[in-house]
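Trainee: Provided herewith is a single structure, encoded as structure tokens, for subsequent inquiry.
The values are calculated or read from the model by the stated rules, or taken from the named source; none is laboratory data. Everything quoted here is computed from the prediction, not taken from an experiment. Because the Cβ atoms are built from the backbone with ideal geometry, glycine has one as well, and the counts that use them run over all protein chains shown. Side chains are part of the model used for accessible areas, which takes the heavy atoms of the whole protein and leaves out ligands, DNA and RNA. Shrake-Rupley method; radii C 1.70, N 1.55, O 1.52, S 1.80 Å.
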Amino acid sequence: MSRCCTHESCFADTTCALGNIDRVDCEHWLEPDAIEGTPEKEQTTQTSDVPWNGYALGTRDLTILGGRGCPLVIGLIGPPDSGKTSLLAFVYMWLLKHGSLIDWQFAGSWTLGGWESVVQHCRWTGEPPPSFPPHTSSSGRYPGMLHVTFRDPKGRLQDVLFADAPGEWFTQWARVPGNPTADGARWVIEHADALLMLIDSAALADAKKLPHARRATRDLLERIGAVTPHLPMTVVWTKDDVEVPTHARDVLERACAEFVPHANMAQTTVNEPETIAKCFMDMITAADSSVSIAKNPEPVLSNDPFLAFRGLHVEY
Ligand SMILES: Nc1nc2c(ncn2[C@@H]2O[C@H](COP(=O)(O)OP(=O)(O)OP(=O)(O)O)[C@@H](O)[C@H]2O)c(=O)[nH]1
Ligand SMILES: [Mg+2]
């Protein structure tokens, strides 16, 4: 059968956006000759009724997680090459090795294929030796989301999404926030429950890159501080194995104190993966507590346990 869907919100690997269980019942599920102006090749695309394919989730795929509860979105922000994707690769490798991030147990993922494509370059499988993940492509308009379900110390399941966007988007957003090429950066900043803002120690330690890196990082800190004063944030000095000149460190520490005074500070290096695990654990815990507080505005007005119940996330 060579039918395909003509509805703009349906994709080959998703279920029917209009809710039809059998696509044949949908008016948009058409034979190729019924679709005007569509080339023959596009009409013969194979489709699947499985709602996901294991790779990074797009913004439209997030509904498949919504049924269980509101996922936490952790946004990684930083100039190009600051180490965003490397941090995620090391988080995944940490989870493979330890099965938990401190006391949050790994309990599943919808994007194992996406995680595997991030870490494939970091594995030692013979020659060439392992390296870092490649530069994140900026060809799309929205970031790919990597997913993990954790079981927290109280036994609750919590979905967490890590938004990995290319650094160019953030540099562009810091310069011209309304620019259409910064749509993806805006999406991350608007939807994140917590932000990791990365400062690239290696770029600051390189005399040639220093002036540009310092300015780009300061611009980003200033812009983020202005739009997200309410969000939990950690400023992470990545590549901590590289020494940053004192004057460059001082300038950016002053910028942090001025623009994001609410942010925590952390240092990470891939040479010590526990620094990365701790940084992510702290961020997830902070996002979880801030969302739980926001989700619980109703006061408890009854002593009856049934009427007083406000959800599993609420501290009584
Ligand atoms: N010395 C050192 N280098 C690192 C570390 N983490 C990452 N790098 C280097 O930084 C480079 C860029 O890392 P990525 O993770 O691709 O950076 P990114 O922020 O995702 O970059 P974009 O996708 O281009 O925005 C890597 O290729 C490594 O060479 C670290 O902990 N120490
Ligand atoms: Mg990247």
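Trainee: At 30 Å minimum axial length over the Cα atoms and a Kyte-Doolittle cut of 0.5, report the qualifying DSSP H helices in the chain, or say none.
Mentor: Sorted by number, the helices that extend far enough and score high enough are 273-294.
Trainee: Please list, ordered by chain and number, the residues whose modelled amide H lies under 5 Å from the amide H of residue 198; skip anything fewer than 5 residues away on the same chain.
Mentor: So residue 198 has HN proximity to 77, 78, 236.
Trainee: Pick out which of 177, 133, 211 has the largest mean-square fluctuation in a Gaussian network model of the chain, springs linking Cα atoms closer than 10 Å.
Mentor: Highest fluctuation of the listed residues: 211.
Trainee: Moving on to the next point. How much of the calculated P(r) for the chain lies past 30 Å, in percent of all Cα pairs?
Mentor: 42 percent
Trainee: Under 5 Å between amide hydrogens, which residues at least 5 positions from residue 144 or on another chain qualify, with H placed 1.01 Å from N in the peptide plane?
Mentor: Hits under the 5 Å cutoff: 164.
Trainee: Please flag any cysteine in the chain that has no other cysteine's Cβ under 4.7 angstrom from its own Cβ.
Mentor: 4, 16, 26, 70, 122, 256, 279
Trainee: Once amide H atoms are built 1.01 Å from N in the peptide plane, which residues 5 or more positions from residue 267, or in another chain, come under 5 Å H to H?
Mentor: For residue 267, the qualifying residues are 237.
Trainee: Among the DSSP beta bridges whose two residues both lie in the chain, what percent are antiparallel, rounded to the nearest 5?
Mentor: 45 percent
Trainee: Simple spin-label model, 7 Å along Cα-to-Cβ: residue 227 to residue 243 in nm?
Mentor: 3.7 nm
Trainee: Springs between alpha-carbon atoms under 10 Å, Gaussian network over the chain: tell me which of 17, 286, 205 tops the mean-square fluctuations.
Mentor: Fluctuation is largest for 17.
Trainee: Further, regarding this structure: State to the nearest 20 debye the size of the charge dipole of the chain about its Cα centre, where the only charges are +1 on K and R beta carbons and -1 on D and E beta carbons.
Mentor: Value, rounded to 20: 800 debye.
Trainee: For every helix of n ≥ 4 consecutive DSSP H residues, a contribution of -39,500 (n - 2.57) applies; sum these over the chain, divide by its total residues, and give [θ] at 222 nm rounded to the nearest 500 deg cm²/dmol.
Mentor: Result for the chain: -10500 deg cm²/dmol, rounded to the nearest 500.
Trainee: Report the accessible area of residue 31, computed with a 1.4 Å probe over the heavy atoms of all protein chains in place, in Å² rounded to the nearest 10.
Mentor: Probe radius 1.4 Å; accessible area of residue 31 about 70 Å².
Trainee: In the structure displayed, which of 209/278; 208/278; 84/209 lie more than 26 Å apart, Cα to Cα?
Mentor: Those over the limit are 209/278; 208/278.
Trainee: OK, next. Which whole-Hz ³J(HN,Hα) couplings does the range 299-309 yield from phi under the Karplus relation 6.51 cos²θ - 1.76 cosθ + 1.60, θ = phi - 60°, glycine and proline marked x?
Mentor: x, 7, 10, 9, 8, 5, x, 5, 6, 7, 5
Trainee: Between the range 162-194 and the range 241-258, what is the separation of their alpha carbon centroids in Å?
Mentor: Computed from Cα coordinates, the inter-centre distance equals 23 Å.
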